[in-house]
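Q: Input: one structure, supplied below.
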Amino acid sequence: MKVRFRGERYYLREIGVAWLCLAPALGLAVVFVFIPLVEVCYLSFTNWDLLRATKSWVGWKNYEYIFKDQKFIQSIWNTLYFAGVKIPLDLVLSLFIAVLLDKRIRGLRFYRASYFAPVVIPVVAASLIWVWLFDPGLGPLNQILGLFGISPSRWLHDPASAMFSIVLFSLWKGLGYDIVIFLAGLQGIPPTYSEAASIDGAGSWNIFFKITLPLLSPVIFFVILMGIINSFKIFTEISVMTPKGGPLYSTGVIVFYIYQQAFENYRIGRAAAASIVLFFLILAITMVQRKLGRKFVDYE
Amino acid sequence: MRKLWWVYVLLSIGLIAMLFPFFWMVLSAFKSNADVYVYPPKWFPSQWNFDNFKRVFEMVPFALYFFNSLLVTVLVTYGQLFISVLAAFALSRLKFPFKNAVFMLIVSTMLMPFVVTMIPVFLIVSAFRWIDTYQGLVIPSLFSGFSIIFLRQFFISIPQDLQDAAMIDGCGFFRILFQVILPNAKPAIATITLFNFLGEWRNYLWPLIVTNSTKMRTLPVGLRYLMTEGGGEYHLMMAASLMAILPVLIVYLFSEKQFIKSVAFTGLKS
């Protein structure tokens, strides 16, 4: 049976099948995404405290509180520090290794598989290994650095180096992923481009910066975007390696702050306000990146 | 042959750095107390003993953690795949009013990370009385905007002719999905399955929030509490980590090609 709707013709049966197929997904999305989003907005304006069971409208009070809370401000800086240090290091290292792997070497599969191995293992298990590696006295990291005459660090136990230690861990954990993406990108570039350039007398540096890099720009852009968004969601390694947020809260990130407020202090209102701030931060980054993406990325 | 020796040197230095933590974990899982608490650190156990593994099982219900993780991961992976395939089918292959609006709605969920909505999700789950249950661990993870959109993009690239031909032969919509679309979408299905499996196996934040009792903990949560409640003995943690990592690593060794393909596939698609 056919029906007309806004000038289009549809089959009634097809409409039925379509909504039947969509029903489970939409139902779950409503209950576990859309309603929670509305609710988190609402909660951020209440003083709900799970311990005292109070719940009344308090206006902007939670926002005033968190923006005066030294820990929250620090958690934003810590998150930015993490992203700002990790992403450039990750980009340079993974691109460099991908370029090396792309040089038609023997044992490519072995190298690639080894670099990728940390990606597949669970974050918690990996973090437990690194807690020991980082141990200032019992861990091997200081011992190895000592062989090269580098003075020992207190790693996770020093506010000056704790976040950097987390960055090191997370570089190790995620490098292989970006290497594989870059390698696929590099292998997708037809060799004719660089062959033509080298016939014209271009050196390998010139070929890399003038041909390879621009052709790779969509992939680089993707890696940066995912890097930033994932940095704002970082929680697991922080919670395992520094269960209290590190010395002087030096590794307390935004999600960690939200978790503590909600599930350790039971201050739902404040946690909800911090969640809304996080939401807008991620949204703003996505929007800015989208604009920049249209401008700078070279899609041939 | 060009001289590439420096490439091998650089790659091998990187390789050692990447594999060293694994090496340390494996060696340390067999160390005794006396090997751990010495300075400078000892790299090799003075005697290979298997006591650490036994003690992990005595301290915590490790087998139960493992079972919980496996059950939750399998249910979430295949449940989410089923729901996503249906939704992606409707969004790519069927014609119905408000299709575009539904599509945009699902795309918009990708802008709402779970960390933002986790508090209300927790409250809703507790209103259902699902705290500390398998339902609570599984059901909120069954929807994934990313899976749906990813599958839809792939389904759309399957030629319409195939569908039309099947329609003329009298195939219903569900037969088209299962006999025309799915057999042609194997790479996408494999990728999504692999990602969801890995993602769920390591999932930490949600199980941490939604479980209270020891018997409901999944492996990542159990490992974490082993550190804080188990006195944080390094060699025991390494034995436990090794047992948690080994199954994933074995699967990886046998299907490494599929892993690499899947990552490259999604990276370049998005």
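Q: Can you list the DSSP H helices in chain A whose Cα atoms extend at least 24 Å along the helix axis and whose mean Kyte-Doolittle hydropathy is 0.5 or higher? Don't skip to the answer; put the middle values down first.
A: Details: long enough: A:12-29 (25 Å, 1.45); A:70-101 (45 Å, 1.28); A:162-187 (37 Å, 1.50); A:213-232 (28 Å, 2.16); A:268-296 (41 Å, 1.17).
Helices meeting the span and hydropathy rule in chain A are A:12-29, A:70-101, A:162-187, A:213-232, A:268-296.
Q: Right, here's the next one. Once you order the gyration tensor axes a ≥ b ≥ c over the Cα atoms, which shape class does the protein assembly as shown get: rounded for a/c under 1.5, otherwise prolate or oblate by comparing a/b with b/c?
A: Here the protein assembly as shown falls in the oblate category.
Q: Using helices alone, what [θ] at 222 nm do you get for the protein assembly as shown, with -39,500 (n - 2.57) per DSSP H run of 4 or more residues, divided over all residues and rounded to the nearest 500? Present the calculation step by step, with values, prior to reporting the outcome.
A: Details: 29 runs with 397 residues, N = 570.
Rounded to the nearest 500, the figure is -22500 deg cm²/dmol.
Q: Also: Determine the alpha carbon to alpha carbon distance for each of A:Lys86/A:Lys210; A:Lys61/A:Lys233; A:Lys2/B:Lys186; B:Lys186/B:Lys257; A:Lys173/B:Lys261 and list only those over 22 Å.
A: Working: A:Lys86/A:Lys210 26 Å; A:Lys61/A:Lys233 25 Å; A:Lys2/B:Lys186 33 Å; B:Lys186/B:Lys257 15 Å; A:Lys173/B:Lys261 19 Å.
Result: A:Lys86/A:Lys210; A:Lys61/A:Lys233; A:Lys2/B:Lys186 exceed 22 Å.
Q: If you average the alpha carbon positions of the range A:92-147 and of the range B:36-64, how far apart do those two centres end up, in angstrom?
A: Rounded to whole Å, the Cα centres lie 23 Å apart.
Q: Quick check: at a probe of 1.4 Å, how many percent of the accessible area of the range B:46-150 sits on carbon and sulfur atoms?
A: Details: 3110 of 4430 Å².
About 70 percent, which is the carbon plus sulfur part of the accessible surface.
Q: Can you give the accessible area of A:Ile199, probe radius 1.4 Å, in Å² rounded to 10?
A: That residue has around 140 Å² of solvent-accessible surface.
Q: State, in angstrom, two size descriptors of the range B:79-220 derived from its alpha carbons: Rg to one decimal place and Dmax to the nearest whole number.
A: Rg, Dmax (Cα atoms, Å): 17.9, 57.
Q: Oh, and also: Relative contact order for chain B: what is it in percent, counting Cα pairs under 8 Å that are at least 6 residues apart? Spell out each step's value before the answer.
A: On the way: 223 pairs, mean separation 81.0, N = 270.
Computed value for chain B: 30 percent relative contact order.
Q: Further, regarding this structure: Across chain A, where is the longest run that never hits trypsin sites (Lys or Arg not before Pro) in a DSSP loop with at most 10 other C-beta atoms within 10 Å?
A: Working: sites that count: A:Arg6, A:Arg52, A:Arg104, A:Arg106.
Free of exposed loop sites, the longest segment is A:107-300.
Q: Another question, if that's okay. Put A:Cys21, A:Cys41, B:Cys171 in order of accessible area, largest first, 1.4 Å probe: what do you get? The partial results should precede the final answer.
A: Details: A:Cys21 0, A:Cys41 60, B:Cys171 25 Å².
I get A:Cys41, B:Cys171, A:Cys21, largest accessible area first.
Q: I've got another one for you. With every protein chain present, what is the per residue accessible area of chain A (1.4 Å probe, Å²)? Numbers along the way, then the final one.
A: Numbers: 14320 Å² over 300 residues.
Averaged over the residues of chain A, the accessible area is 48 Å².
Q: Lysines near A:Lys55 by alpha-carbon distance under 20 Å, same-chain residues fewer than 8 away left out - which ones?
A: List returned: none.
Q: Moving to a separate point now. So which residue, out of B:Gly172, B:Gly222, B:Gly232, gets the largest mean-square fluctuation from a GNM of chain B using Cα contacts under 10 Å as springs?
A: Residue with maximal mean-square fluctuation among B:Gly172, B:Gly222, B:Gly232: B:Gly172.
Q: Please give the average number of partner chain Cβ atoms lying within 10 Å of the Cβ of each residue in A:176-189, rounded to a whole number. Write out the running numbers ahead of the final one.
A: Numbers: counts 4, 2, 2, 3, 7, 7, 2, 4, 7, 3, 0, 1, 2, 0.
Taking the mean over all residues of the peptide, I get 3.
The values are calculated or read from the model by the stated rules, or taken from the named source; none is laboratory data. Computed from a prediction, not measured in an experiment: that's the story for all the values here. Heads up, the Cβs are rebuilt from the backbone with ideal geometry, glycines too, and the neighbour counts pull from every protein chain shown. Surface accessibility is based on the protein's heavy atoms, side chains included, excluding ligands, DNA and RNA. Shrake-Rupley method; radii C 1.70, N 1.55, O 1.52, S 1.80 Å.
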